[in-house]
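Undergrad: Quick one: the structure is below, and I'll ask about it shortly.
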Amino acid sequence: MTTFPMTPTRRGLLAASLTVLLAGCNGERLNVPSFNDPAVGAADRPLLQNLASGIVAEQRGGMAGLISNVGIFGRESYNYTGSEPRNVTFFLTTFPLDNSGFTNGQWDPRFRNIRNALNFINIADGAAFLTEAEKSAARGFANTMRALDLYYVIATRDTLGAPTAMDLVTNSAQPFVSRDSVYRFISATLDLANTQLQAAGTAAFPFSLPTGFTGFNTPATFRQVNRALAARIHVYRGTLGCGAPCFTAALAALGESFINSAAGADLRRGVYHTYSTASGDALNSLNNSVSPDVIAHPGIRPDAQLQAGGQPDARVAAKVRTISPVRTAPGTNLGIPTDVAFSLYPDQTTPIPIIRNEELILLRAEANIGLANFGTALTDLNYIRSSAGGLPALAALTDATQATTALLYERRYSLLFEGHRWFDVRRYGRITTLPLDLPTHFRVTVMPVPQAECVFRATQPAELRGPGC
Amino acid sequence: MALSTIALAALLSQPAEAQRRLTGKVTEEGSSAPVPSATVQVVGGTAGAITSNAGTYTLNAPSGAFTLRVRRIGYRAQVLQISASQTTADVALKKDVLQLDAVITTAQQGTLEKKNAATATVQVTSEELTRVPAVSIDQALQGKVVGARINMNSGAPGGGGQIQVRGVTSVLGNGEPLFVIDGVIMSNASIAGGQNSISRASGFTANIASVQDNRTNRLADINPAEIEDLQILKGAAASALYGSRATNGVVIITTKRGKSGQTRWNVTQRIGQASLLRGVGQRRFLDTTSAIQAGTQAANAAIAREQLTAALAANDGKIPFNDFTSQLFGRRDASWETGIQVTGGSDATRFLASVSRKLDNGIAINTNATRDNARINVDQTITDRLSARLDLGYTRSTANRGISGNSNTPVTSPLYVFGATPSFFNLNGRDAQGNFIVNRFGGNANPINTSNPFQTLARVQNEENNDRFIGAAELTYQALETATNKLRFSYLIGVDRFTQDNQLYSANDLQYEPSDGQLGTAVQATANSRQLNQLLKVTHQFTPASAPFGLTTTAGLTQEEQGLNTARVRAIGLVPGIPNVNQGQQLTFQSRELQRDQAWFVREELLGFSEKLYVAAAIRGDRSSNNGDVEKYFVFPSVQGSYRLVKLLPTIDELKLRASWGQTGNRPLYGQRFLTLSGNGLIGGVNGLGTASTLGNPAIKPELKEEVELGFDLQALGGRVALEYTYFDAKVRDALLLRNLPNSSGVTTQFDNVGQLSNNGHEVALNVVPVQRKGLTWVSRVAFQRIRNVVEQADNVNSFPPNVGFGTAYGRPRIVKGVSTTAIWGNRPIFTTVNGVETAVVRDTIIGEGTPDFETYFTNTFTVGPLSLGVQVDWRKGGDVSNVGQNVFDQYRNARDHDDASPCRGAAITRDDCVIVTGGARRLVDTSATANLGDYRWAKWNGGQDARVPVQDGSFVKLREVSLSYDVPAAVMRRFLVERISSVRLSLVGRNLAVWTPYWGMDPEVSNFGNNNVGRFVDLATFPPSRQFFFSVDLGF
C-alpha cells in the first residue's frame, strides 16, 4: 500500500486538525486582561475619587511608622517586640543605622505618594468632566499633600537633603538638593497650592475626603490646613537659618490658618488620619492592642512638671498609663524596663493628627520667640500650660535659650507621640538633651537614605550620586 | 450484498502475507518463573501478543522467517530469529536490574529506547516509588534523581516539597519543573492556607496568608501506586519540546494501564507509624540561678521566681526538666494505606481501575493527612486504525498540619515558644480545672502575647481539603501503515481541576487570642485551579528498505490554559464556638490569574546503522498571554545525537557517546506585563488607588535557557556494570529580574529581562551487580551530583528575591553578578589594618552557600531467593542553613547545649571568632573560665552583626529508605492459601530512619519559606521531621 487515498475519515481528520490549527492561531484569546488591578490610563469621576482617597491612604500608611520611629529616636517610645529584638538594636545600638530595612522608612512611600499626587494632577488637568474651578481645587489638594509628604522626607533626612524633582515618564534619578532648598521647595509648593485653592473659589472638591478632614473638606477650608502646614515649614526654616523673614512669614500663614487661642478653644481641632475596622481599612497601629509592644519611655513621668496641687502635668495622665507587668527589652542589655504605655490612642480606630490647633498655637509662640517677641510668646505658652497641662503660668521669658527650653517642654508634652520631639531637639541643636538609657545606646540625627536608592545612584553620573548617599 | 461487504472488509483487513500461529512461553532466566504481561512483537510488523499469567502467548505470525522481540519492564529485551517453519518459541528473559532497556519519552508522547537516548534522562519505576511509602511523590523521589535537588519543606504530614532540576534557572519566574501526567499538564501550585493569621509570620493586618504558611504543593495529590513510570527530562534539548515552560525540567508521569487477558487484582495493605526523628531538646538547668536568669529573659524576674518556686515545690525541690519537643511531637498513632488495583480486558478494550485510601498520622496531636484516590484508565481499539484512551483520576486529599514555622507576636509556633520557655516549666500540665496551663514565658511577661503549644495544637484547626480531577482523552488514528511508511494522527485533551479549601479556626479561649483585642480567629480560603491542554500531533515514520536508517517526523500544535482563583476571608472577634467567618471584623482577599499558551512544534529523528546512530532535531514556537507581545512566537530549537560503540573491548559491551544542545524558555508570570494602579487600602469607605511600587513591563518576554550537555554511557561485563556520566552547562539569558529605578521616582522597580544566570554540573551514576547468581543478587548504585549556579549578569537590579530570608542578621539570598545564585549573604565584622590602626566594620557579605558541594546517593538491593533487602543512604556535603531557630533558643538561654563550654574561654583579643565590633573596634566576648556556649553564640551574633552564627553547615548522611520484603513462594501459597492467589509479598519498610549531621537543628533540609527558587535555607521553628515504619502485604490474584 503505497498510495494515500483521501477517504472520508482522513478528510474529516484533516478538517478537524485545521479547525484546531485555526483556533490555535486565534491570538485574540491570548489577550488576557489584568484581573487584580486597574490599568493606568483613562479617568472618570469615580476613578478620580479612588485616586484622591489613594493619596490620603498612602499618606496615612506612613504615619504610625513615622511616629513610632521618631518616637524611638526622640526617646518617647520603644518597640519591645519579644520575637524581634531588631526593633531595639537597629534603632538604639547599631551604628550607623541600617539603611536596608527597619530604619530606612519615610522614603519610598513618600515619593510614591508624591508620584500619586503628580499623576492625579495630570489626570485632573486632562479631565473633560471637570470644570476649571474643580481642576484648580484638585491641583490645590494634591500639591498640598505632596508638599506634606516631602516634609516627612526632609524632616527625617535633614542634612542629607533630598531630591525634589520627579520625572514620571523616564523615572530617572533627580539630583539631591540641600535641606534648605527642599524646605524652600515645600514652601513654594504650598504657596502654589494656596493660590490654586483660592482660584477654586466656592467650588467643591470633585471628590470627597475622609472624616478626618471634616471641617476642612472644601477648597476654602482646606486652605486653612494648607496655611497651617506652611506655617510649620516656615518655623522649621526659621530655626534652620532663615531667621526673622521666615518667622514673619509663619505668623502671616498662621493668620490664615485655623489657629484659635480663644478661651476654651478646642486644642484638638485639626485634620486627622482616620482608621476603621471595616474590611480592607486600616487600624491605628499606635494603639496598644494593635501593637502591644510599642510602649513609652519611662522618662516621660519624672521629666514632667508639677501642677499647683503637686500632681504631674495633666498631659501625662491624659497620654500615658501604667502597665503591669513591667516590660523589658527583648534581649540582654538592649534596653531599660518600663511600665509606661501610651493611652492617647485608646482605640484601634483613634485618629492620628496631621496638624492641629495646639501645634499652631505653639508654632506662633515659637515664631514670636524667634522674633524675640517674648511677651507675645509667653501668652501662648501659658495658654497651653494652663489649658493642656494644668500647670502654673511661667513668669517671663527672659532670653532665647530659656524661652526655647520652655517652648520645647510644651511641645514635648503637648505633641507627645505625634512625631515631633526628635525633630525639635535637633532643630535647636539640643540632641544631647535626649537620654542615653544604656552605655550601648546612641543618638541618631538623621535616618539614612534607603540602600536601594543609593545603590541605584552609585551607577549614575557623579552629580546624581550624592550627597545624601 | 451483505455477504460481499463482509467479504470486502475481510479482504481489506487481510494482510498481504499468509499467516501461521506461533506459541510459546516466556520465563525468567534462572528461576524459570513465568513472566506475565510481557510483550511479544514481530519486528517490523504489526503482529504481537501479551503473555498470560502463566507466561504463555499465541500470535498470528507472518509466513517466512522473521525477528521476534520479547520485552517486559524490568527485564532485558530479547530478540529471537524465527525460522519459516517454526511454530513454537520459548524465551527466557534476564532481569534488567540496571534498567538498561527502558523506554523513555522524547517528543510529547513519543518514545525512544533508553539505549539510544542522547540526553541524560532519569527514570524512576513504580517499584522504586512505592517500595517505601512516602508522604508525597517529592519525598519518594529523594535520592533517586541524579541532577535534581529534592527537599521537603518540613516534617508535617501531607507533603510540601520541592524539586529543583539542575540548579536555579529563574529568580522571579517559575522555578519548578513542568509536571505532565499522561499528557495532562498538571498544576503543582503551593497555595497558602491562612496559617499566617495565627502565626503572623508575615504580619497580621494586611496578610491573611503568606509563603511561610507551610504550604503543600499539589503534587501531593498523586498516588505513587498509580504510577507505572516517572521520568525527569533535565537538559534543554530533552525538554525543548515543552517550549516556554521547560527551562526547569519536565517531569513526565505515566500511570499504569490495562493489559488484555485474565483480570488481575492487586491488593496492598500497609500499616505503620511515624515518630520523631530528631528533636531540638531543651536546656537542663543545673541551678536555680540560671533557671531564673532564663525565665527572666522570657518574662521577668518576678514571674521566673514564682514559676520556679512552684515547679520546685511540685518536684520534691529538684528542678524539673521537660523536653517539650519530645512531649508535643511524641505521638505514635498508627498510619495505614489500602490500595486495590484491577487490570484486564479483551484485546479491544483494556482497563485499569484503582482505588486507594491512606491516612498518615502526624507526630503531634491533631496532625494528619489523608488521601483518597480513584482512577480508571481505559484503552479501546476501535478499529485496526483507530484507538482511544480515556483516563479519569480523582483525588481527595486532606491535611491537618498544625501551626509551625516563623511566628511574631503573639508567638504561636510551637518550636518558637519552646525556645522561649525554660524547661522547668510544666507546659504540658493542667491546672486544677483540667485546663491547659497558661504559659507565662515568651510574651514579654504578658501571657496573651505568647501561647501554650500543647493547647494550640490540641485546639487549633488548620485543615486543608482538596478535591481534584485529572482526566485525559486521546484518539489515535493510524492513517497509513506499510513497511516503509507509517502515518499517525493523535489528538489529546487533558483537564486538571482542583478546589483547595482551607479552614482555620482558633477558638476564643486560646491563650493568645486576646492579643489583637478580638477573641477568636477564623479563616476560610478557597483556591480554584483549572487547567486544560490540547495536543494535536502527527507522526510519520519512514523506514526505507534500501537505506540503513529510519526517519521519524513529529509535528503538532498545542494549546494550554491555566486559571487560578484564590479567595480568602478572615474574621476576628467570633461568636464563641462558631468558626464561621461571617461575624466579627473581616478581611477579604482575592486574586485571579489566567494564562493561555499556544505552540507548534516539529521534530525530526534519525535512527540508523543498526540502531547505533541516533540524531534528532526539533523546533518549537511558543506564544503566551503572559508575554508582552502576545502575538509573537518565540522559537526554541534543539539538536541531539548519540552513537553506540558496540563491543569496543571484550569486557566493554557498549559505549555510547552523547551530545545535545538546546534552547528552552520560561514565560513570565501572570501580571508581569501589566502597567497597573495598585489598591492601597480602604479609607473612609472608599478604595484608594495609587502607584504600584513595581511597574509592569509591556515588553516582557520569556527567559531563555541555552544548554549544552555532553556525556557517555558505558556498559561492561555483560550488563553487570553500567556507568553514566553527564556534564551540563546552561546559560539563562533574559532572566527576569526587577530592574531598579530610583525610589525617589515614586516607583522602585520594573520587571525586565535583564539578568543572566549560568548553571553547570556533573552527574555520575554507577550501577553495578557485584553478585548475580542463582541464590543471590546484589545490585549496587552510587549516584553523584554537583551543581554550581552563578549570576552572570545582574546590573542595577533589585538583588533581593521577594519573600525569602530574614535579612542581614540571619542570612538571606542576594542576586549579585559573579556570585553564586544561592550564596547566603549576611552581616559579619570585617577588620582592616591600615598603618597599624585597625578599623572594624560590619558588612553584608557572603557568609554561606545554599547549594551543597555535592550530593551522593547509595542504593543497595540484595535479593536472596524470595527475600529482598533494599537500603538507600543519602549523603549531602555542604549546603548551609540559616538556623534562626537556634537563635531563638539562645535569645532566651534555653538551648540544650547552653551550658557547654564557650570556645572562647581564655581567648585572646586576636581571635576573630571571639570578638565582636563595638564602636568601630574589636571587643572580646566573655572569656572567663565559666563562659558558656549559649551566651557565647548570642553575644557573638551581637544583635545581628554576625550572621555567621546562625548560618551553619547543613551536611548530613540520612538513612533514607530500608525495605525488607519476602515473596511468599508459590509452593507455600498453594499449601496455605487459596489457589487463586498468584503472589503474596510481605514487607517491612522504613523511611528516614536515621540522620547523622553536625547541624544543630532538627533537619537541615527544611525551608521556612516553602517552595521558592533561591531561598531554601531558612530553618525556623519547623515542624519536626519524622521517621516512618510500615508493614505491608501485597496480594496478587
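Undergrad: When both residues are 6+ apart or on different chains and their Cβ atoms are under 7 Å apart, which pairs have a first residue that lies in the range A:95-106 and is of a type in the set (Asp, Glu), and a second that is modelled with pLDDT of 85 or more and surrounded by 19 or more Cβ atoms within 10 Å (Cβ to Cβ)?
TA: Note: pairs meeting the criteria are A:98/A:90.
Undergrad: Here is a follow-up. Any chance the range B:423-430 includes a residue that's in contact (Cβ under 8 Å) with a residue 12 or more places away in the chain, among the aromatic types (Phe, Trp, Tyr) and closer than 29 Å to residue B:215 by Cβ?
TA: No; the residues of the range B:423-430 include none that is in contact (Cβ under 8 Å) with a residue 12 or more places away in the chain, among the aromatic types (Phe, Trp, Tyr) and closer than 29 Å to residue B:215 by Cβ.
Undergrad: Then there's this: Can you confirm whether the range B:770-785 contains a residue that is surrounded by fewer than 19 Cβ atoms within 10 Å (Cβ to Cβ) and under 23 Å from the mean Cα position of the chain (by Cα)?
TA: The answer is yes; a qualifying residue exists.
Undergrad: Let me ask you something else. Run down A:382, A:357, A:284, A:288 and say which single residue is within 26 Å of the chain's Cα centre (by Cα), among the polar types (S, T, N, Q) and more than 14 Å from chain B (Cβ to nearest Cβ).
TA: One residue alone meets the criteria, A:357.
Undergrad: Filter the range B:542-592 down to residues that are outside any strand (DSSP E or B) and of a type in the set (D, E, K, R), then give me how many there are.
TA: Final tally of qualifying residues: 0.
Undergrad: What are the residue pairs meeting all of these: first residue in the range B:288-305, first residue of a type in the set (Lys, Arg), second residue in a helix (DSSP H, G or I), Cβ atoms under 7 Å, and 6 or more apart or on different chains?
TA: Note: pairs meeting the criteria are B:305/B:292.
Undergrad: Exactly one of (1) among the polar types (S, T, N, Q); (2) more than 30 Å from residue B:850 (Cα to Cα); (3) in contact with a Pro (Cβ under 9 Å, 6 or more places away or on another chain) is unmet by residue B:997. Its number?
TA: Looking at each condition in turn, residue B:997 falls short on (2).
Undergrad: Also, I was wondering about something else. Quickly run through the range B:788-806 and pick out the residues that are in contact with a Ser or Thr (Cβ under 6 Å, 6 or more places away or on another chain) and more than 11 Å from chain A (Cβ to nearest Cβ).
TA: B:789, B:790, B:791, B:792
Undergrad: Show the residue pairs that are 6+ apart or on different chains and have beta-carbon atoms under 7 Å apart, the first residue being within the range B:833-850 and without any contact (Cβ under 8 Å) to a residue 60 or more places away in the chain and over 19 Å from residue A:99 (Cβ atoms), the second being of a type outside the set (A, V, I, L, M, F, W, C) and surrounded by 13 or more Cβ atoms within 10 Å (Cβ to Cβ).
TA: B:849/B:820; B:849/B:822; B:849/B:878; B:849/B:880
Undergrad: Could I ask something else about it? Of A:364, A:327, which residue is more than 30 Å from residue A:226 (Cβ to Cβ) and not polar (S, T, N, Q)? Break it down into steps so the answer makes sense when it comes.
TA: Values: A:364 fails: more than 30 Å from residue A:226 (Cβ to Cβ).
Matching residue, one of A:364, A:327: A:327.
Undergrad: Search the range B:465-488 for residues being within 12 Å of another protein chain (Cβ to nearest Cβ) and of a type in the set (D, E, K, R), and hand back the single one that is farthest from the chain's Cα centre (by Cα).
TA: First, the residues of the range B:465-488 that are within 12 Å of another protein chain (Cβ to nearest Cβ): B:475-488.
If we keep only those that are of a type in the set (D, E, K, R) too, we end up with B:481, B:486, B:488.
Values: B:481: 41, B:486: 39, B:488: 35 Å.
If we take residues in the range B:465-488 being within 12 Å of another protein chain (Cβ to nearest Cβ) and of a type in the set (D, E, K, R), then B:481 is farthest from the chain's Cα centre (by Cα).
Undergrad: Only one of (1) in a strand (DSSP E or B); (2) hydrophobic (A, V, I, L, M, F, W, C); (3) within 29 Å of residue B:1009 (Cβ to Cβ); (4) modelled with pLDDT under 95 is not met by residue B:804, so which one is it?
TA: Condition (1) is where residue B:804 drops out.
Undergrad: Does the range A:191-222 hold any residues that are crowded, with 23+ Cβ neighbours inside 10 Å and touching an Asp or Glu at 6+ places or on another chain (Cβ under 8 Å), and which are they?
TA: Across the range A:191-222, the qualifying residue is only A:200.
Undergrad: Based on this model, can you work out whether residue B:547 counts as over 24 Å from residue A:28 (Cβ atoms) and either more than 14 Å from chain A (Cβ to nearest Cβ) or crowded, with 20+ Cβ neighbours inside 10 Å (or both)?
TA: When the stated conditions are applied, residue B:547 passes them.
Undergrad: Within the range B:438-453, is there a residue that is in contact (Cβ under 8 Å) with a residue 24 or more places away in the chain, closer than 30 Å to residue A:78 by Cα and either part of a strand (DSSP E or B) or charged (D, E, K, R) (or both)? Quick ask: steps written out before the conclusion?
TA: At the first step, the residues of the range B:438-453 found to be in contact (Cβ under 8 Å) with a residue 24 or more places away in the chain are B:438-445, B:447-453.
Checking which are closer than 30 Å to residue A:78 by Cα leaves us with B:438-445, B:447-453.
Restricting the remaining residues to those that are either part of a strand (DSSP E or B) or charged (D, E, K, R) (or both) gives B:440.
Yes: one or more hits.
Undergrad: Kindly evaluate residue B:1006 against the criterion of being among the β-branched types (Val, Ile, Thr) and either part of a loop (DSSP other than H, G, I, E, B) or within 15 Å of residue B:151 (Cβ to Cβ) (or both).
TA: So residue B:1006 passes the test.
Undergrad: Out of (1) modelled with pLDDT of 90 or more; (2) within 14 Å of chain A (Cβ to nearest Cβ), what's the single condition that is false for residue B:694?
TA: The single condition residue B:694 does not satisfy is (1).
Undergrad: Among the residues of the range B:601-620, which ones are without any contact (Cβ under 8 Å) to a residue 60 or more places away in the chain and either closer than 30 Å to residue B:528 by Cβ or of a type in the set (D, E, K, R) (or both)?
TA: Result: B:604, B:612.
Undergrad: Now for a different question. So which residues in the range A:291-302 are more than 14 Å from chain B (Cβ to nearest Cβ) and not in a strand (DSSP E or B)?
TA: Correct list: A:297, A:298, A:299, A:300, A:301, A:302.
Quick grid of which residues meet (1) modelled with pLDDT of 90 or more; (2) farther than 30 Å from residue B:503 by Cα:
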| position | (1), (2) |
| --- | --- |
| B:581 | yes, no |
| B:593 | yes, no |
| B:598 | yes, yes |
| B:602 | yes, yes |
| B:612 | no, yes |
| B:638 | yes, yes |
| B:644 | yes, yes |
| B:659 | yes, yes |
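Undergrad: Let me ask something additional. Between residues in the range A:444-468 that are basic (Lys, Arg) and residues that are buried (at least 22 other Cβ atoms within 10 Å of the Cβ) and assigned to a loop (DSSP other than H, G, I, E, B), which pairs lie under 7 Å by C-beta distance while being six or more apart or on different chains?
TA: Final answer for the pair search is A:457/A:173; A:457/B:742.
Undergrad: Of the numbered conditions (1) in a loop (DSSP other than H, G, I, E, B); (2) of a type in the set (A, V, I, L, M); (3) modelled with pLDDT of 75 or more, residue B:68 satisfies every one except a single condition; which is it?
TA: Condition (1) is where residue B:68 drops out.
Yes/no per residue for (1) touching a strand residue (DSSP E or B) at 6+ places or on another chain (Cβ under 9 Å); (2) within 20 Å of residue A:381 (Cβ to Cβ):
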| position | (1), (2) |
| --- | --- |
| A:270 | yes, yes |
| A:273 | yes, no |
| A:305 | yes, yes |
| A:311 | no, no |
| A:321 | yes, no |
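So that you can scan it fast, the table gives a plain yes or no per residue for (1) more than 10 Å from chain A (Cβ to nearest Cβ); (2) crowded, with 21+ Cβ neighbours inside 10 Å:
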{"residue": "B:418", "(1), (2)": "yes, yes"}
{"residue": "B:425", "(1), (2)": "yes, yes"}
{"residue": "B:431", "(1), (2)": "yes, no"}
{"residue": "B:442", "(1), (2)": "no, yes"}
{"residue": "B:445", "(1), (2)": "no, yes"}
{"residue": "B:460", "(1), (2)": "yes, yes"}
{"residue": "B:463", "(1), (2)": "yes, no"}
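Undergrad: Can you find even one residue in the range B:307-328 that is of a type outside the set (A, V, I, L, M) and either assigned to a strand (DSSP E or B) or within 14 Å of chain A (Cβ to nearest Cβ) (or both)?
TA: Yes, the conditions are met somewhere in the range B:307-328.
Undergrad: Answer with yes or no whether residue B:575 is buried (at least 16 other Cβ atoms within 10 Å of the Cβ), more than 9 Å from chain A (Cβ to nearest Cβ) and without any contact (Cβ under 8 Å) to a residue 60 or more places away in the chain.
TA: So residue B:575 does not fit the description; no.
Undergrad: If I go through the range B:177-232 residue by residue, how many of them are in a loop (DSSP other than H, G, I, E, B) and either more than 14 Å from every other protein chain (Cβ to nearest Cβ) or under 14 Å from the mean Cα position of the chain (by Cα) (or both)? So that I can check it myself, show each step before the final result.
TA: Filtering the range B:177-232 for residues in a loop (DSSP other than H, G, I, E, B) gives B:177, B:182-183, B:187-189, B:191-195, B:200-216, B:222-223.
Narrowing the set further to residues that are either more than 14 Å from every other protein chain (Cβ to nearest Cβ) or under 14 Å from the mean Cα position of the chain (by Cα) (or both) leaves B:177, B:182-183, B:187-189, B:191-195, B:209-211, B:213-216, B:222-223.
Result for the range B:177-232: 20.
Undergrad: Just for the range A:428-453: of the residues that are under 18 Å from the mean Cα position of the chain (by Cα) and surrounded by 20 or more Cβ atoms within 10 Å (Cβ to Cβ), which one is nearest to the other protein chains (Cβ to nearest Cβ)?
TA: The residue in question is A:450.
The values are calculated or read from the model by the stated rules, or taken from the named source; none is laboratory data. Everything numeric here is computed off the predicted structure, so don't read it as measured data. Note that we place each Cβ from the backbone using ideal geometry, even for glycine, and neighbour counts take in every protein chain shown.
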